[in-house]
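The next block holds one structure in the form of structure tokens; read it before the comments.
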Number of protein chains: 2
Amino acid sequence: MATQRLASWATSLQYADLPPQVKQAAIRSLYNWTGCALGGSNHQTTTKALKALSPFFGKPTSSILGRASRTGNDDLPTRADASHAALINGIASHVHDYDDTHLETIIHPTGPVASALLAQAEASTTKVSGEEFLLALVAGIEAECKVGLAVWPKHYDVGWHITSTTGSIGAAVAVGKLLNLSEEQMAHAIGIAATQVTGLREMFGSDTKCFHVGRSAQNGLMAAVLASNGYTSSLQALEAKRGWANVVSEKQNLTEQIDSLGKVWETEKNSFKPFPCGIVVHPIIDGCIQLHHDIKEKGLSVSDITKIHTRVHPLVLELTGKKTPKDGLQAKFSVYHGGAVGLAFGKAGPAQYEDEVVTSQPVTSIRDKIDAVADEKLGADEAEIVAEFADGQKLSKHIEHAIGSLEAPMTDKQLEQKFLDQVGQALGQEVASQASKSCWAIAETRSLGDVVNNL
Amino acid sequence: MATQRLASWATSLQYADLPPQVKQAAIRSLYNWTGCALGGSNHQTTTKALKALSPFFGKPTSSILGRASRTGNDDLPTRADASHAALINGIASHVHDYDDTHLETIIHPTGPVASALLAQAEASTTKVSGEEFLLALVAGIEAECKVGLAVWPKHYDVGWHITSTTGSIGAAVAVGKLLNLSEEQMAHAIGIAATQVTGLREMFGSDTKCFHVGRSAQNGLMAAVLASNGYTSSLQALEAKRGWANVVSEKQNLTEQIDSLGKVWETEKNSFKPFPCGIVVHPIIDGCIQLHHDIKEKGLSVSDITKIHTRVHPLVLELTGKKTPKDGLQAKFSVYHGGAVGLAFGKAGPAQYEDEVVTSQPVTSIRDKIDAVADEKLGADEAEIVAEFADGQKLSKHIEHAIGSLEAPMTDKQLEQKFLDQVGQALGQEVASQASKSCWAIAETRSLGDVVNNL
């Protein structure tokens, strides 16, 4: 009954049912996603897909984020049909690995759902209000994370990219909600989405990783549109013996997870990345940025550092132990690069992960002074750093919970700084500042079109 | 190395490398597929999808088969962008469950591959010859069936619809061949296709089953187009620890299967369905049609039958054990319906799977007299039938190999009759006859456009 119960819950959910902290989390999620999608709009992975697929684009109902406000002309379209807009925006929003994380499942929940939803909302013949949009967004994220929790961790362990495999389902529920599907249509939409299992972890490190996010947005959007026209799937798509959960995971507790809908809100547990790289590097970056400021305050210089000793959770070296990354993509998997840019620049945004920066002398010279020791006694969001200076001085830093963790969430102000940084770098400060204002005001807008016009 | 070896084999394959019987099998496969796509073009599942998705259609480069030659005007488009044409033609070609079967894997190989290939060929700015087309078709079908064999049977057993999960890969290879991808681009195309694992068996009996075929065609087409623009995936997409084969199946022998490329041709093993339903039902239908004629010859009447005992392979009841189907779709999964129409009408074409026929008294009254016993000693294409009459007489029939099996293949003439039957029913005899002639001549055509103009 999981499929039908999910459909029933999603179709009957009202905006008034959402607790205030869930609404707030939804706004922050959408805000952060928009920043990532705009920030990733110029990335070559995004533009490659845009160029390859633009000959297939239909009626341009929906925005390709960041294209209209871009200076310069590259002949690439600024709009597309809703399905292709969902694809390209989904790719852009994940291309810097900078989007949000539902920590219990490591799903990046907003990408698939918001990419589909925004594109469909723009294509809608009636105005979509901010509240309607946020309601559909929450329905989608809850669906996505609940089915993700149901198959975690076996599903991820065997090799599925859980963001997109569950993202199709989340996107279908969100778009289905926007389209006002009946309970039965919603169940069929879930089934059509569930049968499109997109995303192998083997693709990590290639253009295809972020394609997963865009494709799952398309999968869900198409599923909802087909179901709204009476297209049928299975009303037991998720729970049947040969349904989604059993096929994609050795173990599942779908019933338990669906039972918790509306009682435990997953949207509220969403976290945001302060840095565009693997989350395990964040404690070191956080500590090194703090040291950067300490060094300045004390009138010292980073160039006088002779050695940086760090202690980290063992997983950090297992996942991000790359000593000498050759480009931005490899640098995302290097704790040494993360520490080096933190110390050198006092920040670690997309600009610090550009290929030229990764191999620049100021960065590599600090990087080579960093050593890292795995220590099982440390938490995954914990780190210890000691910097030794030429004159014998030492400065140290202990990060208990890295910024961005649930214990130390990014503040709205920090989220805004992240938004302005990445959007500013891609599209200029004026666009960034306008977009930021529109996005924060999403809940109050009477027509989503007004928001999108500023993106 | 499986991914790169497959890419290398496919990119270097030449038309002259194809043995004559492989060319012939490819022509028969395409001919049969075209009949199915035209025959299914008016089916409500096809038109539902067409109606739902036409707002997303791009530049109309490619035919939606059967729409242009249709009499009457229903405001539905006759053409679409290549991706949507691939989807709709793929749906139409499988909607009657009447397409081809690679018996060792029960893959329906031509659907995903030809749907993508035809749509892309029509969108091509240069003329595509019949030989180029057939070459790409064979490359795609070989890829699809080899990766299917590599994961069979565990992959199917756990619940994947193997036609579409492998179909994405086959379609990517075929379109990639047409686009003249480099070896490396082809490997990336295979990876982008492999990461889109579409098709759960739970969807059988719903509109979504044939959606799988269309969607996998789209998956593969998009993969090849992205790769042709430099989009990257993984060069070990199929064989990696967390690559396609290991994620979608408990067991796999990919290396062995890829080794056999060009030595054992899967295209040659393709078989064609005389009846529009699951292949496991065919022995019973074949036997019941023969009994229908025996009964007539002996001056008996089907209505005097009191009981029909059948023995079948166990898979028959597992897959098609539905006792009281409610409509044409359910009837495809009912060995009882298949036997009943065979006995009642002496045939089992699309007309015998219309909703009204399925629930009609003459059919249900015979159906209710049929029992079926699973017998492991029987082959999958074997069946035993005993009809008992009111006066105590018995007539029996033993089918060793059902018509359409490799041991009893349909002749070209039988294939043509099937084509004319189904296309004639959908679009009239004149269209059917024209289309049939064009399709048989595919190998000689210098431009595929000339063929498609008659479809």
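Worth pointing out:
- Scan of the range B:353-385 for residues that are farther than 21 Å from B:V302 by Cα, free of Cβ contacts under 8 Å to residues at least 40 places away in the same chain and open to solvent by less than 30 Å² (accessible area, probe 1.4 Å), ordered by number: none
- Residues within the range A:200-233 that are facing another protein chain (nearest Cβ under 7 Å) and basic (K, R), tallied: 2
- From B:S228, B:S249, B:S260, B:S234, residue being under 23 Å from A:G243 (Cβ atoms) and assigned by TED's automatic domain parsing to the domain that holds B:A119: B:S249
- One residue stands out among those in the range A:423-443 that are within 13 Å of A:Y31 (Cα to Cα) and not hydrophobic (A, V, I, L, M, F, W, C): the one that is surrounded by the fewest Cβ atoms within 10 Å (Cβ to Cβ), which is A:K437.
- The listed residues are B:G342, B:G349, B:G328, and the only one of them that is modelled with pLDDT of 95 or more, surrounded by 17 or more Cβ atoms within 10 Å (Cβ to Cβ) and within 28 Å of B:F419 (Cα to Cα) turns out to be B:G342.
- Matching option when the condition is touching a Phe, Trp or Tyr at 6+ places or on another chain (Cβ under 6 Å) and not charged (D, E, K, R), among B:A351, B:A340, B:A331: B:A331
- Residues (more than 7 Å from chain B (Cβ to nearest Cβ) and under 24 Å from A:A80 (Cα atoms)) located in the range A:182-199: A:A189, A:A193
- Residue count for the range A:396-422, restricted to those that are farther than 29 Å from A:A25 by Cα and either within 28 Å of the chain's Cα centre (by Cα) or buried (at least 17 other Cβ atoms within 10 Å of the Cβ) (or both): 1
- Just one residue in the set B:K241, B:K263, B:K269 is open to solvent by 20 Å² or more (accessible area, probe 1.4 Å) and within 14 Å of chain A (Cβ to nearest Cβ); that residue is B:K241.
- Of all residues making up the range B:275-293, the number that are open to solvent by 10 Å² or more (accessible area, probe 1.4 Å) and closer than 10 Å to B:G346 by Cα: 5
- Against the list (1) without any contact (Cβ under 8 Å) to a residue 60 or more places away in the chain; (2) open to solvent by 30 Å² or more (accessible area, probe 1.4 Å), the condition B:K307 fails is (1).
The values are calculated or read from the model by the stated rules, or taken from the named source; none is laboratory data. The model shown is predicted, which means the values in this text are computed figures rather than measured ones. Using ideal geometry, Cβ is built from the backbone for each residue, glycine included, and neighbour counts are taken over all protein chains shown. Heads up: the accessible areas ignore ligands, DNA and RNA and are worked out on the full protein's heavy atoms, side chains in. Shrake-Rupley method; radii C 1.70, N 1.55, O 1.52, S 1.80 Å.
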